[in-house]
Amino acid sequence: MAALHPRRRRSDLRAAIPFLLPGFLGLATFLILPLFASLLLSFSNWQVIGQTRFVGLANYVNLFTHDPIFWGVFRTTLLYTVEYLALNLVISLAMAVWIGSLSWGRQLFRLVFFLPTFTPLIGISLVWLLMLTPGGIVDSVFATLGAPVPNLITSPAYALQVVVIVSLWSHFGYNMLLFGAALETIPSAYLDAAAIDGARPWQRFWRIKLPLISPSLFFGTVLTTISSLQVFDQVYALTRGGPGSSTTTLGYAIYSQGFVTYRLGYASAIAWVLFSVIMALTALQLRLQRRWVHYDI
Amino acid sequence: MTSEVRRRGTGARTASAARHIGIAITAVVFLFPFFWMLSNALRLDREIFAMPPRLLPSSVQWVNFVAAWSYLPFGRFFLNSAFVAASVTAIVLVVSSLSGYAFARLKFPGRSGLFILYLATLMVPQAVIVIPLFLMMGALDWVDTYQGLIVPVAFSSFGSFLLRQFFLTIPQELEDAARIDGASHLRILLTIFLPLSLPALGLLALFTFTGQWNSFLWPLIAVNGPDHATLPLGLTLFQGQQGTQWNYMMAGATISMLPGLVLTILMHRYIFRSIAIGSGFGGR
């Protein structure tokens, strides 16, 4: 063994290059280069026709001061993210605890609630569109119950809630499994000790279980935030950003500015706003984790 | 004392039964959209918005699946989806194995810096890069082609990261023995690492394939017209000028969901275990 170690210390650079090259070239060409290209584009007035000029910060100035819908879109995106994140965490945690408390059928029920996760969001959203479209089954159920509710998907007040519900239905299963697996790794000795000391079930949950699974909660929170800020498929299939612009999120605005009206420079500026929000919120979560995430147990 | 114990025993049993019944009801309600999709895929046009609504079709119209197939070139969409997802998966497996091995087993200057750069690319949202990618497709003349659908989305560092983590658990001794015998790194990867990593490779293949099968934004941008349209894109085409063909669309949605559902049911043990491990590396 000892004879091998000096040999291992030298660099394997020459061997490493052919191993790394395909992946590195791919990432550089189709990820890193486009990332910086989109920043450059956001300083231009690039459209499909007409002369392209460097316009400095004009796109951003326009976006922040003249665009009639931008702040609404920004607010919709944050509102969607906060609401979806909160509901997702509560529901997936509650379902993980509920299923974890069962004496049989745990794997079966986990599977049931996980079923939509690997199916196309577009397909799911169109099924929900059929249920929610005017005259659909949801309207019939509300009418039978005598509930004075307008059609949800065509109502500016409720349409965003529809997007939240469809997203929850299709994706809470992932965090449910993540949290459920973490809950199962908690040594029962901790809980028994607390029970002997007189801790009630509710206290055991808040004071022992939650802190012990905080790394998983943090991981789930960060990933869910990043993906929900980008919400697109559900919006496209359910509402196309409407009615009005009530469900237009940043992700949808990039698409509609870029590929419906072909204002590619302007759309790139929106893309960088989205990217900045994602980076800022992720950085914020990384900072805040010191206050509530416990790794050292 | 004994009656007290017995009473608590029956109380606990009642509570447990209530929990099971409650979750079973929740599960049935949860599954309703799948039922509604299938029930509408199999009914006549005029029964879709019947008043009062009908839970089940009056007669089962299997013919809708055939009709959906000829209403739009659905077979073509299906094959396009399968071809694109399989091609991306193949590229990802090869590229990630190579770079995962380099990050796990080869020593070179700047390794950790490069690895952090790879991890950082995971944070880049697709929505931010699609505009330059679209322009790049125009410059390469790749708009509405298979290579345009496949190549730009085939490079993600997720696979390199996943396989590196797995390769790190393979004992060094196996590799040292092969090195003494004069085996090259490529040979070690092919004959020792990959055969030992089949579960990780299978998971990576599963995640990549379903991810591509379900993907919508890039096909929406990279494709114009039905020739290269994938299934999710094809589904939206049922929303035509003359109103939506709901029963055909639901038949199409059912077909689009089948691979994901079948894979989830067959592989759920592996999938669940990998998500559980995710909590491990997420924490550190």
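Just checking, which of A:Phe74, A:Phe24, A:Phe54, A:Phe109 is hydrophobic (A, V, I, L, M, F, W, C), under 22 Å from A:Gln257 (Cα atoms) and modelled with pLDDT of 95 or more? Even if it seems obvious, please write down each step before you answer.
Details: A:Phe24 fails: under 22 Å from A:Gln257 (Cα atoms); A:Phe54 fails: modelled with pLDDT of 95 or more; A:Phe109 fails: under 22 Å from A:Gln257 (Cα atoms).
The unique qualifying residue is A:Phe74.
Which helices (runs of 4 or more DSSP H) does the range A:207-297 wholly contain that include 2 or more residues that are at pLDDT 90 or above and under 30 Å from A:Asp197 (Cα atoms)? Let's see the steps before the verdict.
Working: elements: A:214-229, A:233-238, A:250-255, A:264-292.
The helices (runs of 4 or more DSSP H) meeting that bar are A:214-229.
How do the helices (runs of 4 or more DSSP H) wholly within the range B:1-107 filter down when requiring 1 or more residues that are free of Cβ contacts under 8 Å to residues at least 24 places away in the same chain, under 30 Å from A:Met95 (Cα atoms) and of a type in the set (D, E, K, R): which remain?
Numbers: elements: B:2-30, B:32-41, B:63-71, B:74-105.
Counting at least 1 such residues, we get B:2-30.
Before we move on, is B:Pro195 in contact with a helix residue (DSSP H, G or I) (Cβ under 9 Å, 6 or more places away or on another chain) and surrounded by fewer than 20 Cβ atoms within 10 Å (Cβ to Cβ)?
Values: in contact with a helix residue (DSSP H, G or I) (Cβ under 9 Å, 6 or more places away or on another chain): no; surrounded by fewer than 20 Cβ atoms within 10 Å (Cβ to Cβ): yes.
Answer is no for this residue.
Going through the range A:50-69 one residue at a time, which ones are assigned to a helix (DSSP H, G or I) and touching a residue at least 12 places away in the same chain (Cβ under 8 Å)?
If the condition is that a residue be assigned to a helix (DSSP H, G or I) and touching a residue at least 12 places away in the same chain (Cβ under 8 Å), then A:Ala58, A:Asn59, A:Tyr60, A:Asn62, A:Leu63 are the ones that fit.
Return the only residue of A:Phe109, A:Phe113 being buried (at least 19 other Cβ atoms within 10 Å of the Cβ), within 22 Å of the chain's Cα centre (by Cα), within 7 Å of chain B (Cβ to nearest Cβ) and within 30 Å of A:Phe179 (Cα to Cα). Can you show your working first?
Values: A:Phe109 fails: within 22 Å of the chain's Cα centre (by Cα).
One residue alone meets the criteria, A:Phe113.
Would you mind stating whether B:Ala276 is under 23 Å from the mean Cα position of the chain (by Cα), at negative phi, hydrophobic (A, V, I, L, M, F, W, C) and buried (at least 20 other Cβ atoms within 10 Å of the Cβ)? I'd like the intermediate steps shown before the answer.
Values: under 23 Å from the mean Cα position of the chain (by Cα): yes; at negative phi: yes; hydrophobic (A, V, I, L, M, F, W, C): yes; buried (at least 20 other Cβ atoms within 10 Å of the Cβ): no.
Considered against the rule, which asks whether it is under 23 Å from the mean Cα position of the chain (by Cα), at negative phi, hydrophobic (A, V, I, L, M, F, W, C) and buried (at least 20 other Cβ atoms within 10 Å of the Cβ), B:Ala276 comes out as no.
With the structure loaded, tell me whether A:Leu130 is in contact (Cβ under 8 Å) with a residue 60 or more places away in the chain, at the interface with chain B (Cβ under 8 Å from one of its Cβ atoms) and closer than 30 Å to B:Leu263 by Cβ or whether it fails that test.
Values: in contact (Cβ under 8 Å) with a residue 60 or more places away in the chain: no; at the interface with chain B (Cβ under 8 Å from one of its Cβ atoms): yes; closer than 30 Å to B:Leu263 by Cβ: yes.
No, not satisfied.
Do you know which residues across the range A:27-49 are surrounded by 13 or more Cβ atoms within 10 Å (Cβ to Cβ) and either in a loop (DSSP other than H, G, I, E, B) or modelled with pLDDT under 85 (or both)?
Hits for the range A:27-49 are A:Ser42, A:Phe43, A:Asn45, A:Trp46, A:Gln47.
Test B:Gln245 against the criterion of being more than 8 Å from chain A (Cβ to nearest Cβ) and modelled with pLDDT under 85, and give yes or no. First the steps, then the outcome.
On the way: more than 8 Å from chain A (Cβ to nearest Cβ): yes; modelled with pLDDT under 85: no.
So B:Gln245 does not fit the description; no.
Limited to the range B:106-140, what total is found for residues that are crowded, with 19+ Cβ neighbours inside 10 Å and more than 8 Å from chain A (Cβ to nearest Cβ)?
1
The values are calculated or read from the model by the stated rules, or taken from the named source; none is laboratory data. Since this is a predicted model, take the numbers as computed values, not measurements. Backbone-built Cβ (ideal geometry, glycine too); neighbour counts: all protein chains shown.
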